[in-house]
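The values are calculated or read from the model by the stated rules, or taken from the named source; none is laboratory data. This one's a predicted model, so the numbers in the text were calculated from it and none came from an experiment. Note that we place each Cβ from the backbone using ideal geometry, even for glycine, and neighbour counts take in every protein chain shown.
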Amino acid sequence: MLDGAPDYRPAAVAVRQAKVAEFRRRLAAIPVSSWPVSQRVDYLVVQARLNALDFQFRVQHPWISDPGFYTEAVERVAYAELPVKGDALTALQGRLNAVPNVLAQAKTNLIEPAAEYAKLTIHDINTADGVGHACHFRTVPGRRERTAGTLILLSVPKRSNPNWCLRRRRPWPPWMILIHG
């Protein structure tokens with residue numbers, strides 16, 4: 001964690017990648033041939049998950065190429081069910097306090113943004129209701145607030161396609177959370 005947000009700086013990612021490699025090595029060393037089918041299925045499920053993480057680390061690199069990787073983390077906060085009290089309130093405050101840190105990491109870490117991922121992220125931001133897009137943060141769409149605001153989302157390298165560059169302040173729908181960067 002980095003100031004309340006998951007840490008996706010290169011050194012932290014390298015540590016996680018090494019841990020996944022170690023877990024894969026340890027898993028491969030487990031003799032499962034004598035296990036019942038149900039336990040071998042569980043083994044294969046764990047193996048598949050570790051293989052997916054390995055693929056994410058070696059090939060996909062969403063923390064450097066996919067703006068949605070960061071906006072999805074912020075979206076969860078936007079669709080919190082209110083009111084909350086006690087421990088739930090403390091947890092929500094922690095997630096709210098982490099939003100600037102998540103966006104700051106996005107500005108730093110997104111060094112190879114993919115145009116299609118950026119287009120999808122913009123679409124998701126403009127159309128998200130917390131129910132669809134496989135983001136089931138709530139069971140029914142909430143009332144969209146009529147608060148004018150500007151979302152400063154990301155800063156991408158100058159070499160990026162100007163059709164999707166989010167370097168400047170971009171007006172978003174009036175219901176979007178107001179975030180100043």
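Rundown of residues vs (1) assigned by TED's automatic domain parsing to the domain that holds ALA14; (2) surrounded by fewer than 16 Cβ atoms within 10 Å (Cβ to Cβ); (3) among the β-branched types (Val, Ile, Thr), yes/no style:
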site	(1), (2), (3)
GLU72	no, no, no
GLU75	no, no, no
GLY86	no, yes, no
TYR117	no, no, no
ILE125	no, no, yes
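Per-residue answers, yes or no, for (1) touching a strand residue (DSSP E or B) at 6+ places or on another chain (Cβ under 9 Å); (2) within 24 Å of GLN105 (Cβ to Cβ); (3) small (Gly, Ala, Ser):
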| residue | (1), (2), (3) |
| --- | --- |
| ASP7 | no, yes, no |
| PHE23 | no, no, no |
| ARG26 | no, no, no |
| ALA29 | no, no, yes |
| SER33 | no, no, yes |
| VAL41 | no, no, no |
| GLN47 | no, no, no |
| LEU50 | no, no, no |
Next item on the list: Among the residues of the stretch 20-32, write down those that are exposed (fewer than 12 other Cβ atoms within 10 Å of the Cβ) and part of a helix (DSSP H, G or I).
Entry: GLU22, ARG25, ARG26, ALA28
Notebook entry, point to check: Restricting attention to the stretch 107-117, which residues are outside any loop (DSSP other than H, G, I, E, B) and either under 11 Å from VAL74 (Cα atoms) or more than 13 Å from the chain's Cα centre (by Cα) (or both)?
Noted result: LYS107, THR108, ALA115, GLU116
Check: Could you say which residue among LEU92, LEU82, LEU96 is in a loop (DSSP other than H, G, I, E, B), without any contact (Cβ under 8 Å) to a residue 40 or more places away in the chain and farther than 18 Å from ALA12 by Cα?
Finding: LEU82
